[in-house]
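Only the coordinates and a few stated rules stand behind these numbers; no lab work does. In this text, all values refer to a predicted model and were calculated from it rather than measured experimentally. Every residue, glycine among them, receives a Cβ derived from its backbone with ideal geometry; neighbour counts consider all protein chains shown.
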Amino acid sequence: MARSNKPIVWGLFAAGGTVTAFFVPALMVVLGLAVPFGLLSPNDLSFDRVYGIVAHPLGRLILFGFITVSLWHAAHRTRTTVHDLGISNDGITMFICYGVAGLGTVLAAVFLLLL
């Protein structure tokens, strides 16, 4: 039986979908609604405070995980959408989609390490 890389791709896809589905709406509520309605003060989201969270190693790790799995989810979703649209050259589509996700993962790691 030939080995496949599908479990890795599907795992990243599922993790990205789950993380994105749970945390993007929460971030939208916190950043978009909590301050205007007075649940948070504008100082709670000041540059210094947010930078303090992102500069902490655990904050960097969480942000890296969020960015990475979201990129891989988007890459796999884009690949299947292109296939559903009838573009049959899956090798090039796969190379572009997963290549962009891989490049984004590397760039996220580099930028977060340089903070």
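Within the stretch 15-33, the residues that satisfy the criterion of being touching a residue at least 24 places away in the same chain (Cβ under 8 Å) and among the small types (G, A, S) are A15, G16, G17. I62 falls short on exactly one of the conditions (1) in a helix (DSSP H, G or I); (2) farther than 28 Å from L115 by Cβ, and that condition is (2). Taking residues in the stretch 34-45 that are surrounded by fewer than 10 Cβ atoms within 10 Å (Cβ to Cβ), and partners anywhere that are not aromatic (F, W, Y), the pairs with Cβ atoms closer than 8 Å and at least 6 places apart or on different chains are P42/V35; N43/R49. Would it be correct to say that F13 is touching a His at 6+ places or on another chain (Cβ under 7 Å), buried (at least 16 other Cβ atoms within 10 Å of the Cβ) and assigned to a helix (DSSP H, G or I)? In short, yes. Residues in the stretch 60-74 that are of a type in the set (V, I, T) and either touching a Pro at 6+ places or on another chain (Cβ under 8 Å) or under 11 Å from F13 (Cβ atoms) (or both): V69 only.
Restricting attention to the stretch 72-115, the residues that are outside any helix (DSSP H, G or I) and either β-branched (V, I, T) or without any contact (Cβ under 8 Å) to a residue 60 or more places away in the chain (or both) total 5.
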